[in-house]
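Before any comments, here is the structure.
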Amino acid sequence: MPPPGVRGWEHRASGWLLDHCPPDYRLYPAWRRHPVALAWLTVRHLDAQLEGMRGSYREIRVALVDDIGPEGVAQVLADLECEGVRLVAARRGAGLLLDALRGLEFVPRL
């Protein structure tokens, strides 16, 4: 991702944000014209996905053990952990892009 202020960075940011949303989000032209709105929606979408993953992680042992057995539960839990890590990273990135699109500047700390 190019840094904010570089020519075309908002277009690249929009592409990255759309990659983290359902494919149908690409159908709405207003979200491409207003990247800050797209970033705002992406943050909310990722927050909802994280909540769903966390809820699934909490409930899977009881909800699916009879269907897939303890070994299957362990495998699904491992996959949920990996997906949770990916979602947390995407959520952090989307939040940073939202801040940048709103004009906030980051100053490196020592």
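Structure values in brief
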{"read-out": "Region 1-27, residues that are loosely packed, with under 13 Cβ neighbours inside 10 Å and either outside any helix (DSSP H, G or I) or in contact (Cβ under 8 Å) with a residue 40 or more places away in the chain (or both)", "value": "Pro2, Pro3, Gly5, Val6, Arg7, Gly8, Pro22"}
{"read-out": "Hits in region 28-47 (condition: part of a loop (DSSP other than H, G, I, E, B) and either basic (Lys, Arg) or within 19 Å of Asp99 (Cα to Cα) (or both))", "value": "His34"}
{"read-out": "Residue satisfying all of: in region 76-88; of a type in the set (D, E, K, R) and within 13 Å of the chain's Cα centre (by Cα); surrounded by the fewest Cβ atoms within 10 Å (Cβ to Cβ) among these", "value": "Arg86"}
{"read-out": "Tally, over region 89-103, of residues that are out of contact with any Ser or Thr (no Cβ under 6 Å at 6 or more places or on another chain), surrounded by 15 or more Cβ atoms within 10 Å (Cβ to Cβ) and among the small types (Gly, Ala, Ser)", "value": "4"}
{"read-out": "Single unsatisfied condition, Leu50 versus (1) without any contact (Cβ under 8 Å) to a residue 12 or more places away in the chain; (2) assigned to a helix (DSSP H, G or I); (3) at negative phi", "value": "(1)"}
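Rundown of residues vs (1) exposed (fewer than 15 other Cβ atoms within 10 Å of the Cβ); (2) modelled with pLDDT under 95, yes/no style:
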residue: Trp31; (1), (2): no, yes
residue: Ala37; (1), (2): no, no
residue: Gly52; (1), (2): yes, no
residue: Arg61; (1), (2): yes, yes
residue: Glu71; (1), (2): yes, no
residue: Ala74; (1), (2): yes, no
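The values are calculated or read from the model by the stated rules, or taken from the named source; none is laboratory data. Note that the structure is a prediction, hence the values are computed from the model and not measured. Note that we place each Cβ from the backbone using ideal geometry, even for glycine, and neighbour counts take in every protein chain shown.
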